[in-house]
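Q: Got a structure for you, written out below as structure tokens; questions coming shortly.
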Amino acid sequence: MIGVHTPEFEFEKRSVNVRQAVKDLGISYPVAVDSDYKIWNAWRNQAWPALYFVDAQGVVRHHQYGEGHYTDLERLIQRLLRDRGAAAVPDGYVEPQGGGVQAAGGSGRVLTPETYLGYAQAQGMTHRLVPDRAQTYAHPGALGFNQWALGGDWMVEREYAVAQAAGARVLYRFGARDLHLVLGSDDERVPFRVLLDGKPPGADHGTDVDAQGYGAVDRLKLYQLVRQAGDKRDRSFEIEFMQPGAKAFAFTFG
């Protein structure tokens, strides 16, 4: 097994961040760092994650974009091992046991797409983003479904938005069980609070916040902020940062 890390954001190109992520995820196999997209382009890859299965003769027997179908994929691996001549191949199946942002998504449809906060790819916001200049954004009031907005003082850069003062907020009306947000900070720990429909999340809190919605940005990573106990698909989310310096990159949903 060989992994390939092709970064989406600039901070993902830094080897120290890749090493930390590999350690956090408990990855023991080699991981190639493909910052120039050479491997991505050579394989004509189209998505994260992508899985490629190569037999003992070097022939690509199957590929898959996206998650899921784990039993089918494990059955394929068993077949390829037998084709290679392996004497004893286990025929059972392992259930994925990922926790936090690695946990399997909800059983219902994800109605909200991955969403970027940097102006290069931002879509779905209620107001015009001002590039590369500090700006105060007014609270938009009610949001339409799959709309998001900034509130308070922000500087929106190409890949992310940076909170410029305490009280800076991001609001989103979304449709999914789980909500994640890529966050980081250059200098120090930045505390924040999450609300769902204007209230603390309670049992619907993610692994990076408590039941009252409190958490902190302490390094660059994907934070799980909401993991609903039920399957409600239309919620209003808000995150407020208690001091400046937080960088918000992108939402993902599950």
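The values are calculated or read from the model by the stated rules, or taken from the named source; none is laboratory data. Keep in mind it's a predicted model, so treat the numbers as computed, not measured. All Cβ positions, even for glycine, are placed from backbone atoms using ideal geometry, and neighbour counts span all protein chains on display. To get the accessible areas, we keep the full protein, side chains included, count just its heavy atoms, and leave off ligands, DNA and RNA. Shrake-Rupley method; radii C 1.70, N 1.55, O 1.52, S 1.80 Å.
Here is a yes/no grid of residues against (1) among the charged types (D, E, K, R); (2) surrounded by 18 or more Cβ atoms within 10 Å (Cβ to Cβ); (3) within 24 Å of Phe241 (Cβ to Cβ); (4) at pLDDT below 85:
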position	(1), (2), (3), (4)
Val89	no, no, no, no
Glu95	yes, no, no, yes
Ser107	no, no, no, yes
Leu117	no, yes, yes, no
Val130	no, no, yes, no
Arg133	yes, no, yes, no
Glu159	yes, yes, yes, no
Val170	no, yes, yes, no
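Q: Output the number of residues of segment 192-214 satisfying the condition of being more than 23 Å from Phe9 (Cα to Cα) and either in a strand (DSSP E or B) or of a type in the set (Lys, Arg) (or both).
A: 7
Q: List pairs: first in segment 194-209 and at positive phi, second among the polar types (S, T, N, Q), Cβ under 8 Å, 6+ apart or cross-chain?
A: These pairs meet every condition: Asp197/Ser236; Gly198/Ser236.
Q: Just give me the residues in segment 46-62 being under 19 Å from the mean Cα position of the chain (by Cα), open to solvent by less than 80 Å² (accessible area, probe 1.4 Å) and not aliphatic (A, V, I, L, M), in sequence order.
A: Pro49
Q: Does segment 17-28 contain at least one residue that is within 26 Å of Tyr223 (Cβ to Cβ), of a type in the set (Ser, Thr, Tyr) and either touching a residue at least 12 places away in the same chain (Cβ under 8 Å) or touching a Leu at 6+ places or on another chain (Cβ under 7 Å) (or both)?
A: no
Q: Starting from residues that are open to solvent by 70 Å² or more (accessible area, probe 1.4 Å) and at pLDDT 90 or above, keep the ones in segment 63-77 and report whichever is farthest from Gln46 (Cα to Cα).
A: My answer is Arg75.
Q: Next question, about the same structure. In segment 215-242, which residues are outside any strand (DSSP E or B) and not hydrophobic (A, V, I, L, M, F, W, C)?
A: Asp218, Arg219, Gln228, Gly230, Asp231, Lys232, Arg233, Asp234
Q: Let me ask something else. Residues that are free of Cβ contacts under 8 Å to residues at least 60 places away in the same chain: which strands (runs of 3 or more DSSP E) entirely in segment 118-174 hold 3 or more of them?
A: Passing ranges, in order: 134-137, 148-156.
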